[in-house]
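Below: one structure, written as structure tokens.
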Amino acid sequence: MSLYEVLHRPDLDQPVLIMAPDGWIDAGLGGATAFGTLLSELDTEVVATFNVDDLLDHRSRRPTARIVDGVYEDLIWPEIHLRAGHDAAGRDVLLLAGPEPDHQWRAYAAALGEAATLFGVRLLVGMGAFPAPVPHTRPASLAATATSAELAARIGVVKGTLEVPAGVLVAVERRFAEIDIPAIGLWARVPHYAAAMPYPEASLVLLEGLAKVADVSVDTTPLREASDATRSRLDELVANSVEHSAMVRQLEERVDGAESDEAQASELAPDGWDNLPSGDELAAELERFLEGNGP
């Protein structure tokens, strides 16, 4: 039985396939918010659906029951579907919406590769964000993973050899390499003390990276405004604490200095954090601060 069903085959001209699956690392909701911006800004339609009964554990991703006056009126199941549309310049895109599968990653990657071939996909772009020892007072930056060194170099990489838990995007990238469709993952660096709450600048830099590698663009004005507001709130919070100010200054010195390849590689490795002050207290205070200042 196929893992997906094609509902409609619109006339697409070498679309870019974009995904930011919910369920793995996404500091500051960087990937989710960037993907949500695409969904809200682009006019799209569902062209294929995936079999969630085979892919998801419904005990961990339970459907939502709608009850009216004691009567079940609806059961809303989680979905994984493929949406087709185009940006303001007319460039065709495919958006893979839905959570990261719980099961059958190999089969899912193979099915997605088959669908990509069917729709003539020219490039896969994944989006996410990870917590890093960087300050909010410096522009957010990206690191890339890709099916070729040349493609990754367009964004920049974390140097060195890393062994980290993998998300489904890795399995999909590997499958696309096998079928000769280029794939790149864009990862925004988020200040570790702001990773547990929305960090709009991460989403903004992800969409800028998408425009750079795929020529797909959307209006990012709301994200820029939200990013400025978040930075101002963080500035205000940090300014009220000598300890927090010292931590941010140390992070600034790290970023501003000439970083070695080893320092870059340590961003994803736990032992690279040994000499940095903990951001847990600042993160907790930041959460209280933002709760007291509205959304």
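The values are calculated or read from the model by the stated rules, or taken from the named source; none is laboratory data. Quick caveat, the model's predicted, so the values are computed rather than measured. Cβ: placed from backbone, ideal geometry, glycine included. Neighbour counts: every protein chain shown.
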Looking at this structure, is Thr117 touching a strand residue (DSSP E or B) at 6+ places or on another chain (Cβ under 6 Å) and touching a residue at least 40 places away in the same chain (Cβ under 8 Å)?
no
Select from the stretch 14-45 the residues that are part of a strand (DSSP E or B) and more than 15 Å from Ile80 (Cα to Cα) and list them in ascending order.
Val16, Trp24, Asp26, Asp43
So, in the stretch 211-255, how many residues would count as being among the small types (Gly, Ala, Ser) and surrounded by fewer than 16 Cβ atoms within 10 Å (Cβ to Cβ)?
7
Pairs returned, first residue in the stretch 180-200 that is over 21 Å from Pro135 (Cβ atoms), second residue that is of a type in the set (D, E, K, R), beta-carbon separation under 7 angstrom, 6 or more apart or interchain, are Ala183/Glu173; Gly185/Glu173
Report whether or not Ser266 is in a helix (DSSP H, G or I), small (Gly, Ala, Ser), modelled with pLDDT of 55 or more and farther than 30 Å from Ala88 by Cβ.
no
Got a sec? Which of Arg189, Arg175 is crowded, with 21+ Cβ neighbours inside 10 Å, among the charged types (D, E, K, R) and over 18 Å from the mean Cα position of the chain (by Cα)?
Arg175
Looking at (1) touching a residue at least 12 places away in the same chain (Cβ under 8 Å); (2) farther than 28 Å from Arg189 by Cβ, can you tell me which one Leu38 breaks?
(2)
Just need a number here: residues in the stretch 169-203 that are modelled with pLDDT of 90 or more and either in contact with a Phe, Trp or Tyr (Cβ under 6 Å, 6 or more places away or on another chain) or not in a helix (DSSP H, G or I) (or both).
16
Run down Arg91, Arg106 and say which single residue is under 26 Å from Ser227 (Cβ atoms) and over 16 Å from the mean Cα position of the chain (by Cα).
Arg91
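Matching residues to (1) within 24 Å of Arg83 (Cβ to Cβ); (2) more than 17 Å from the chain's Cα centre (by Cα); (3) surrounded by fewer than 23 Cβ atoms within 10 Å (Cβ to Cβ):
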| site | (1), (2), (3) |
| --- | --- |
| Ala110 | yes, yes, yes |
| Thr117 | yes, yes, yes |
| Arg122 | yes, yes, yes |
| Arg154 | no, yes, yes |
| Gly167 | yes, no, yes |
| Pro182 | yes, yes, yes |
